[in-house]
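Notes follow once the structure below has been shown.
Rule-based calculations on the coordinates, nothing more; no lab input. As the structure is a computational prediction, the values presented were derived from the model and not from experiment. Don't worry about glycine lacking a Cβ; one is built from the backbone with ideal geometry, like all the others, and counts go over all protein chains shown.
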Amino acid sequence: MFASIILLLICVVFIVVQLKSRRPKNFPPGPPVWPILGNILDLSLENPLKDFERLKKTYGNVYRVILADYGSSWKEQRRFALMNLRNFGMGKDSMEERIHGEIQYTVDTLEKSIGKSFSPQNMFHNAASNIICQVLFGKRFEYQDETMKTLVQCFTENAKIANGPWAMVIRSFTFQLTMYILDLHFAGTDTTSNTLLTGFLYLMNYPQVQERCQQEIDMVLEGKDQASSEDRNNMPYVQAVIHEFQRVANTVPLSVFHCTTKDTELNGYSIPKGTLIIPNLTSVLNEEGQWKFPNEFNPENFLNDQGEFVKPEAFMPFSAGPRMCLGEGLARMELFLFTVTLLRKFKFIWPEDAGEPDFTPVYGVTLTPKPYRMKVQLRVSQKIPNL
Ligand code: HEM
Ligand SMILES: *[C@@H]1O[C@H](CO)[C@@H](O)[C@H](O)[C@H]1NC(C)=O
């Protein structure tokens, strides 16, 4: 056994290519490399040793096998893969159905809490997290699980083969994949749930705004059992309110730091290549002169004199340019379907004993409202068939 391991080491150059690394010119020969998967498909799961024999016959004593190819084009591939998020490669309708499926769990949670005052933080966080899990794994997880536990579980269930000769390889492969998925999970969970938290904080404290949304929702959805994203076009007021949530929530105040890739000019200043750029979205989202009411919560910021929805150029919570948020489409769909479905069914009330609301956000990974409690009542005026 020991001898065969030594032999194996001589014959095989194992390479787990790390981010950014390049292959040198006189790289050992080997089977063609697939993006991301590398040569993993060339090797059998039960017994890769046999495949090594085969490769040795074809390529000689020194050959290479690439496991997980995150080489030079990895970044483009990642973007390409993520583009599917933007275009809903998995199908827009099926995504909508999944979001509605998740909303049902939120509705159940709220129904159990009718009349009591409770903290909605976990409820929104779990919902947003589950939607990302659905995108990534095609399944959801129970609300009692903590996020990390959930993610680990997501993984072990998707990689139960981590034993035997594959253990090392799988470990390094899953590590990279885990980083990638954690990345996506953080990008899509706190952002969306903190926006919803901010939104409902304001809805409870601006009851006239809440009621006006409910009137529009009842009217547009009359006779339908659920909202779809096309209904947005008939709900200018709700649209304005949701955009105003995003403007005041200012979830990612400093966006994501970037670095100039070449010498650049900006407003007459020269900025050399390699300079760290920190965008300030707070300043854009509150800029005097860009907004009718830059410093207050007011849906009029997104409505013209005819009451139609308009989106000022300065609305950029998802940042701007080629690296702009890839989850925008998904996030906007979530914000719309959650807000509309929940407002249609429930009235949200600021608890009598909660004191004055504090709208000052706190810094975390993203900006989030101070923890607060809410109360809900079932609405009576709704015209919903069989819900
Ligand atoms: C209200 C919710 C959200 C907000 C406010 C938001 C905001 C942002 C911002 C400001 C950036 C930085 C863009 C830049 O680098 O210039 C970003 C990047 C990104 N977001 Fe979002 N996001 C949200 C939801 C989501 C969701 C649901 C996903 C889906 C998983 C997502 C995935 C991503 C990804 C993958 C990037 C990196 C894009 C790249 O590196 O090229 N985001 N987001
Ligand atoms: C971003 O802009 C806001 C509003 O103009 C300002 O108060 C804040 O200090 C700025 N943040 C940074 C990091 O410069």
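Tabulated data
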| quantity | calculated |
| --- | --- |
| Simple spin-label estimate for Gln208 and Asn280 in nanometres, 7 Å along Cα-Cβ | 3.4 |
| Distance (nanometres) between label positions extended 7 Å along Cα→Cβ at Ser319 and Ile271 | 1.2 |
| Inter-probe distance in nm under a simple model that places probes 7 Å from Cα toward Cβ, at Val380 and Asn304 | 4.0 |
| Fully extended contour minus Cα-Cα distance, from Asn233 to Thr360, at 0.36 nm per residue | 42.5 nm |
| Summed side-chain charge close to Gly274 - residues other than Gly274 whose Cβ falls under 10 Å, Lys, Arg +1, Asp, Glu -1 | +1 |
| Extension reserve of the Thr264-Val107 stretch, reckoned as 0.36 nm per residue once the Cα distance is removed | 51.5 nm |
| Gly38 long-range amide H proximity, modeled H, under 5 Å | Ala68, Asp69 |
